[in-house]
Structures are given as structure tokens and as C-alpha cells.
1. Only one residue in ASP116, ASP90 is surrounded by 13 or more Cβ atoms within 10 Å (Cβ to Cβ), among the acidic types (Asp, Glu) and farther than 18 Å from THR21 by Cα. Which one?
2. Only residues that are in contact with a strand residue (DSSP E or B) (Cβ under 7 Å, 6 or more places away or on another chain) and in a loop (DSSP other than H, G, I, E, B): list them for the range 145-160, please.
3. Would you mind listing the strands (runs of 3 or more DSSP E) fully within the range 69-133 where at least 1 residues are under 15 Å from ALA153 (Cβ atoms)?
4. Can you report the number of residues in the range 17-49 which are in contact with a helix residue (DSSP H, G or I) (Cβ under 8 Å, 6 or more places away or on another chain), open to solvent by 30 Å² or more (accessible area, probe 1.4 Å) and at pLDDT below 90?
5. Given the options SER133, SER96, name the one that is touching a Ser or Thr at 6+ places or on another chain (Cβ under 6 Å) and either closer than 25 Å to VAL34 by Cα or not acidic (Asp, Glu) (or both).
6. Checking the condition part of a loop (DSSP other than H, G, I, E, B), open to solvent by less than 60 Å² (accessible area, probe 1.4 Å) and either modelled with pLDDT under 95 or of a type in the set (D, E, K, R) (or both), which residue from GLY62, GLY53 passes?
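The values are calculated or read from the model by the stated rules, or taken from the named source; none is laboratory data. The shown structure was predicted, so the numbers you read here are calculated from the model rather than taken from an experiment. Because the Cβ atoms are built from the backbone with ideal geometry, glycine has one as well, and the counts that use them run over all protein chains shown. Accessible surface is based on the protein model in full, side chains and every heavy atom, while ligands, DNA and RNA are left aside. Shrake-Rupley method; radii C 1.70, N 1.55, O 1.52, S 1.80 Å.
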Amino acid sequence: MAKAIVQMSRRTSDPWSITLTPHRSLGRTGFLVVMGLVVLVNLLAGGLFLALGAWPVLGFMGADVAIIWWVFRRNFADSARAEQISAAGDCLTLRSIMPTGEKSETVFNRRWVKVDLEFDTARDLVGRLSLRSHGEVHEIAAFLGAEERQSLARTLRASI
């Protein structure tokens, strides 16, 4: 579940903003506990294989720990991503912050922007959520779950 900081008013002419960030339930302490357990289990299993004479398995156990560590690092880096959608007057602004720190900003005319949510009724699947105006399409909230994208789409449509 993503965190959304929502500041909206009832009148569509009033300024409002939404900030979306990916939710990460595992904090630094949890990461250290999980990695400690992974290292312990791999050392015990690797030691067993080493005692049985299967010493090459020890290298694979080390590779296992390194891969798990890399996946967690990648996940934590992706949590730095954020999107802010704000409206003031006739402008709707989409600000994106990528995990690399790169920032981008797109400004739409609030009266011309359309909120599109792909939905496959045959399979009951929710697809991409995007803002579209004058041939430009910008996908938003890709890190949200299906129900959260639907809720965000309803909120944006009502507020624009």
C-alpha cells in the first residue's frame, strides 16, 4: 500500500495536492534481522555441506546471501520514488522524483487533462493510470495496487 498525503478541497477551483510514495513495510532494523537470519542459515547449511566434503556448495551459499542483499538494496533504492500531483487555478502539475534523484515536472491545463484508467472487464483487471492531454500521456502511480489506482482515479476525476 502506498502512502498518500492528500490535501483537497470540495471546490475544484481551490488549490490541492496529492503526494504518492511507495510503501515499504520493512525498515532498517527489520532488514538487519532478516539478513542476519539469512547469513546464519546459509553459514549453518554451508558448514554442514563443508563437513560432508561438498565444499563448492559453500560458494553458492555465499552467492545466495549476496543476491538477497542486492535485491533488498534495490528495493530500498526504489522506495525513494515519489509523485506529486497538484492543482492551482487552471494548472495541473505532475512532479516525479525517480530513485536516482532525477526530477521531472509536467504542467497540464486543468480543463483539458483527462484521467485514464485501463480496465479489463472480462478478466476484472485494473491496468495503467495516466494523465492525458493534447497527445501527451503520462503514467502515474504505477507502484500502487489496483484498488488504490481506482480510488486515486475517482479522486482525481472529482477534483479536476
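1. Values: ASP90 fails: surrounded by 13 or more Cβ atoms within 10 Å (Cβ to Cβ).
It is ASP116.
2. Filtering the range 145-160 down to residues in contact with a strand residue (DSSP E or B) (Cβ under 7 Å, 6 or more places away or on another chain) leaves 146, 149-150, 152-153, 156-157, 159-160.
The answer is ILE160, and nothing else.
3. Numbers: elements: 82-88, 91-97, 103-109, 114-120, 125-133.
Answer list for the range 69-133: 82-88, 91-97, 114-120, 125-133.
4. Of the residues in the range 17-49, 2 are in contact with a helix residue (DSSP H, G or I) (Cβ under 8 Å, 6 or more places away or on another chain), open to solvent by 30 Å² or more (accessible area, probe 1.4 Å) and at pLDDT below 90.
5. Answer to the check: SER96.
6. Numbers: GLY62 fails: part of a loop (DSSP other than H, G, I, E, B).
The match here is GLY53.
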